[in-house]
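Undergrad: Could you have a look at this structure, given as C-alpha cells, before my questions?
The values are calculated or read from the model by the stated rules, or taken from the named source; none is laboratory data. Keep in mind it's a predicted model, so treat the numbers as computed, not measured. Cβ sites come from the backbone with ideal geometry, for glycine too, and all protein chains shown count toward neighbours. With ligands, DNA and RNA removed, areas are computed over all heavy atoms of the protein, side chains included. Shrake-Rupley method; radii C 1.70, N 1.55, O 1.52, S 1.80 Å.
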Amino acid sequence: MNFLAPLLMAIPSPVHVVLVVTLLSTLAPTSANVEGDALYALRRAVKDPENVLESWDPTLVDPCTWFHVTCDGDNRVTRLDLGNAKLSGSLVPELGKLERLQYLELYMNNLVGSIPEEVGGLKSLVSLDLYHNNLTGSIPASLSKLPNLKFLRLNSNRLSGRIPRQLTKLGNLKILDVSNNDLCGTIPTSGSFAKLSEESFMNNSRLEGPELMGFVRYDTGGCK
C-alpha cells in the first residue's frame, strides 16, 4: 500500500476512509470467491453429460445461486448434492477449501482417481458419500481429522490398501461402509469400530479379521 501514501495524504479524511475500504474489498478475496473457485475447479475436472452443473457460472461472485449447492446465512457452502448426476472425472483437492461443508454427496457417478487428502480438512463434515464410483487408491488417514463425521460411505469403489486405524478415533461415527472394494489387512475393532457390523466390510477378498483376541495381526504382509 506504500504506493498510495502520497495520494492518501492529499485526500480529506472521510474520502480517505472510503477509498481504503474499497481497495481492501477489491484486493482481499472473499469466502464466496474462494469457495466459488473451489467448486468451479471441480466442474473443470469432471464431464457433465446431463448439464447438471450448467448454472455454475464462475463470473458470479456468490456460488450460493448455483444449483445443487446449499449455503448458510453467511453465504458459506454447507451442502454439495450431486448424487447420481452421471458425472465422470476426478475429485479435486480444492474441495478442502469448503470450510463449512457438512454434506458431500457425490455417490453413484463415475468418478475415478483417489480421494484427496484435503477432504480431511473439512472440519464441519457430517456425511461423506462417495459410494458407487470407480475411485482407486487408499482411504486417506486424514479423514480421521473430521470430528463431526457421522456417515462415511465409500462402498462399491476400487479402493485398496489397509483401513487406516486412525479412523477408529472418529467419536461421532454412526455408519461406515467400505464394502465391495479391494481393501486388505485386518479390520480394526477399537474405538468407534467396536459397534460396526461385518456388513460394513464385506466383499473385500483380501481383508482379514476382525482383530479379535490377538489372533490376527494388523501388520500382515502383502497388503498394498
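Undergrad: Suppose we filter L170, L196 for residues that are of a type outside the set (D, E) and in contact with a helix residue (DSSP H, G or I) (Cβ under 8 Å, 6 or more places away or on another chain); which single one remains?
TA: The unique qualifying residue is L170.
Undergrad: Are any residues in region 112-143 within 19 Å of A45 (Cα to Cα), open to solvent by 10 Å² or more (accessible area, probe 1.4 Å) and in a helix (DSSP H, G or I), and if so, which ones?
TA: Scanning region 112-143 gives E117, E118.
Undergrad: For region 33-68, give me each residue that is in contact (Cβ under 8 Å) with a residue 40 or more places away in the chain and of a type in the set (D, E).
TA: E35, D37
Undergrad: Identify the single condition in (1) over 17 Å from the mean Cα position of the chain (by Cα); (2) exposed (fewer than 15 other Cβ atoms within 10 Å of the Cβ) that E208 does not satisfy, given that it satisfies every other one.
TA: Of the numbered conditions (1) over 17 Å from the mean Cα position of the chain (by Cα); (2) exposed (fewer than 15 other Cβ atoms within 10 Å of the Cβ), the odd one out for E208 is (2).
Undergrad: Looking only at region 144-159, count every residue that is among the small types (G, A, S) and either in a loop (DSSP other than H, G, I, E, B) or surrounded by fewer than 16 Cβ atoms within 10 Å (Cβ to Cβ) (or both) and tell me the total.
TA: First, the residues of region 144-159 that are among the small types (G, A, S): 144, 156.
So of that shortlist, the ones also either in a loop (DSSP other than H, G, I, E, B) or surrounded by fewer than 16 Cβ atoms within 10 Å (Cβ to Cβ) (or both) come out as 156.
Selection size over region 144-159: 1.
Undergrad: Counting only residues that are closer than 20 Å to T70 by Cα and among the hydroxyl-bearing types (S, T, Y), how many does region 102-135 have?
TA: Of the residues in region 102-135, 4 are closer than 20 Å to T70 by Cα and among the hydroxyl-bearing types (S, T, Y).
Undergrad: I'm trying to understand the selection: among the residues of region 163-181, which are in contact with a Phe, Trp or Tyr (Cβ under 8 Å, 6 or more places away or on another chain), of a type in the set (D, E, K, R) and open to solvent by 50 Å² or more (accessible area, probe 1.4 Å)?
TA: Answer for region 163-181, where residues must be in contact with a Phe, Trp or Tyr (Cβ under 8 Å, 6 or more places away or on another chain), of a type in the set (D, E, K, R) and open to solvent by 50 Å² or more (accessible area, probe 1.4 Å): R165, K174.
Undergrad: List the pairs whose first member sits in region 193-207 and is closer than 9 Å to L176 by Cα, whose second member is aliphatic (A, V, I, L, M), and whose Cβ atoms are under 7 Å apart, counting only residues at least 6 apart or on separate chains?
TA: L196/L176; S200/L176; S200/V178; F201/V178; F201/I187; F201/L207
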